[in-house]
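See below for the structure under consideration.
The values are calculated or read from the model by the stated rules, or taken from the named source; none is laboratory data. Note that the coordinates shown come from a computational prediction; the quantities given were computed from them, not determined experimentally. Cβ: placed from backbone, ideal geometry, glycine included. Neighbour counts: every protein chain shown. Heavy atoms of the whole protein, side chains included, go into the accessibility calculation; ligands, DNA and RNA do not. Shrake-Rupley method; radii C 1.70, N 1.55, O 1.52, S 1.80 Å.
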Amino acid sequence: EYSELGMAFHFRIASASHNRFMIHAFVTIRGLMEQFIREAFTVMPGLLERSLEFHIQIYEALRAKNKTKSVGNMRSHIRDIERAIRKYYESRP
């Protein structure tokens, strides 16, 4: 269920940008994102909870029309995912 809601959240952000490139990029990578979400949340402890928290922070910043905070929260979310992936692969033999 979170996967579907997460994808809807990302699509709404892409659509709200009114940027055709952003929307096209999202539609192009949507399947990869869905697969990543399904797999990563099962093997990376805490990622789902952190992802949800970042989504809430991003939503609240967007709702407040705070561009600086919105961008900062999005970057933090992406960096968190990058760290989780790095940590996962570094811990594997």
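Just the protein heavy atoms count here, and of the accessible area of the chain at 1.4 Å, carbon and sulfur take up 59 percent. So what's the back-of-envelope 222 nm ellipticity for the chain, counting only DSSP H runs of four-plus at -39500 (n - 2.57) apiece and dividing by all residues, rounded to 500? Using -39500 (n - 2.57) per qualifying helix, the result is -29500 deg cm²/dmol.
The gain in end-to-end length when the A64 to R20 segment is fully stretched comes to 13.5 nm, 0.36 nm per residue minus the alpha carbon separation.
When the surface is traced with a 1.4 Å probe over the full set of protein chains, E82 keeps roughly 90 Å² accessible. Here the extension length gained between V27 and R12 equals 4.2 nm, from 0.36 nm per residue of separation less the Cα-Cα distance. Which of [x] 1.12; [y] 1.74; [z] 1.04 is the computed Cα Rg over 2.2 N^0.38 Å for the structure on display? Structure-derived value, by its label: [x]. Here the simple spin-label model places points 7 Å from the Cα toward Cβ, and for D80 and E53 these points are separated by 0.6 nm.
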